[in-house]
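A short reminder: the numbers here are calculations on the coordinates, not readings from a lab. Note that the structure is predicted; figures quoted are calculated from it, not measured. Please note: Cβ atoms are built from the backbone with ideal geometry, for glycine as well, and neighbour counts cover all protein chains shown.
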Amino acid sequence: MQTIQWTLSVLIVIFLILSLYFSVRYRREAEPKQRGLYSARMNIFMGLMLVVIAVSQLFFFEDSATRRIFGTVCLLLGLFNLFAGIRNHNLFSRK
């Protein structure tokens, strides 16, 4: 159980770093196509990070109503970001 929690924590940090990296790249890029790709990648990694946070909150800590609500909100936001990022990445990859 500790190994799974530790692995999820490492994944959260990795996805956070990648999300910040693509956020900086997005803000510094001048070309619209590259900006769109960086923005989409940022959304994908942010969505993955939120999904991992939700899994961690929903399954690996003491159960409470607040934790369930927070986990559910993170899961929904994460899935939305993941879906939007994948859709936008496909859109900007074709141009």
Query raised in the report: Does E62 satisfy the criteria of being among the acidic types (D, E) and closer than 17 Å to Q5 by Cα?
Result: yes
Query raised in the report: Of the residues that sit in the stretch 20-44 and are of a type in the set (G, A, S) and without any contact (Cβ under 8 Å) to a residue 40 or more places away in the chain, which one is nearest to L77 (Cα to Cα)?
Result: S23
